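Chemist: Have a look at this one.
Just so it is clear, none of the values below were taken in a lab; they were calculated from the coordinates. Since the structure is predicted, the reported quantities are computational estimates derived from the model, not experimental observations. Note that we place each Cβ from the backbone using ideal geometry, even for glycine, and neighbour counts take in every protein chain shown.
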Amino acid sequence: MDRRRLLRGTAAVTVAGLLMPPGRAEATPSRAKPGNTASLGARAETDYPLAQWLPAATSNYTASSRPSSYSVDYVVIHVAQETFADTVRIFQNPAKKVSAHYVVRSTDGHVAQCVRERHVGWHAGNWDYNTRSVGIEHEGWVDQPVYFTDVLYERSAALTASICARYGIPRTRSRIIGHHEVPGADHTDPGRHWDWTRYMRLVNSF
């Protein structure tokens, strides 16, 4: 099986979990023991069935009850300017005052959820957009496109398609935006090497 076929097969498996409604994964509580990071990977705490639960510090986001408290209208795409592991550690550091809902790893497309979608992540640099969006961080640096692997695009696009399906967000560039497109943002990510044409094609293929 060649690599492209393997990636397509992986994406097909991903689709199976796309339409699970928010909170559905909590039906079976996790039996993870405190301090057992492997058990924390159980899907019981996640909104997206294929994500690993790696929770951010509670001081790094605003507890809420979306979509009843705020409508969810956007997906904001970020590049972390960090490794996957360091991004998660930053979100878990109470002093950092920053978080996104998801982090996607470059090498294998692994997805971690750090903030529940019902809560307001602190990722966009604009309170209005924070309240109305889900933020996805991607491992890597804006000037190093080697991090934007096939599997990262595939798994991230499947995640975005899931979010759009569950909240009725149109799968368009006006609703799936880069951090740099948030009004008032001083960031440049995901940067000029991010392939929006490819990404949107993948999002709309699911």
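Chemist: Using 7 Å Cα-to-Cβ label points, what is the Arg173/Asp143 separation (nm, one decimal)?
Modeler: Here the answer is 2.5 nm between the modelled labels.
Chemist: Turning to a different aspect of this structure: Along the stretch 129-137, what does the Karplus equation 6.51 cos²θ - 1.76 cosθ + 1.60 (θ = phi - 60°) give for ³J(HN,Hα), rounded to whole Hz, x for Gly and Pro?
Modeler: Residue by residue, the stretch 129-137 yields 6, 4, 5, 10, 9, 10, x, 10, 8 Hz.
Chemist: Could you give each residue of the stretch 176-184 its phi-based ³J(HN,Hα) in whole Hz, using Karplus coefficients 6.51, -1.76, 1.60 with θ = phi - 60°, and x for Gly or Pro?
Modeler: 10, 10, x, 4, 5, 8, 6, x, x
Chemist: What relative contact order, as a whole-number percentage, does the stretch 57-206 give when Cα pairs under 8 Å and 6 or more residues apart are counted?
Modeler: 29
Chemist: Check Gln52: other-chain or 5+ apart residues with amide H under 5 Å from its amide H, H built from backbone geometry?
Modeler: Counting only residues 5 or more places away or on other chains, the set is Val111, Ala112, Gln113.
Chemist: Tell me, what ³J(HN,Hα) does each residue in the stretch 147-157 have, in order and in whole Hz, if you take phi through Karplus 6.51 cos²θ - 1.76 cosθ + 1.60 with θ = phi - 60° and put x for Gly and Pro?
Modeler: Each residue's phi maps through the Karplus curve to give 6, 8, 7, 4, 6, 4, 4, 4, 5, 5, 5 Hz.
Chemist: Kindly provide log₁₀ I(q)/I(0) values, in the same order as q = 0.10, 0.12, 0.14 Å⁻¹, from the Debye equation applied to equal alpha-carbon scatterers of the stretch 61-206.
Modeler: -0.28, -0.42, -0.58
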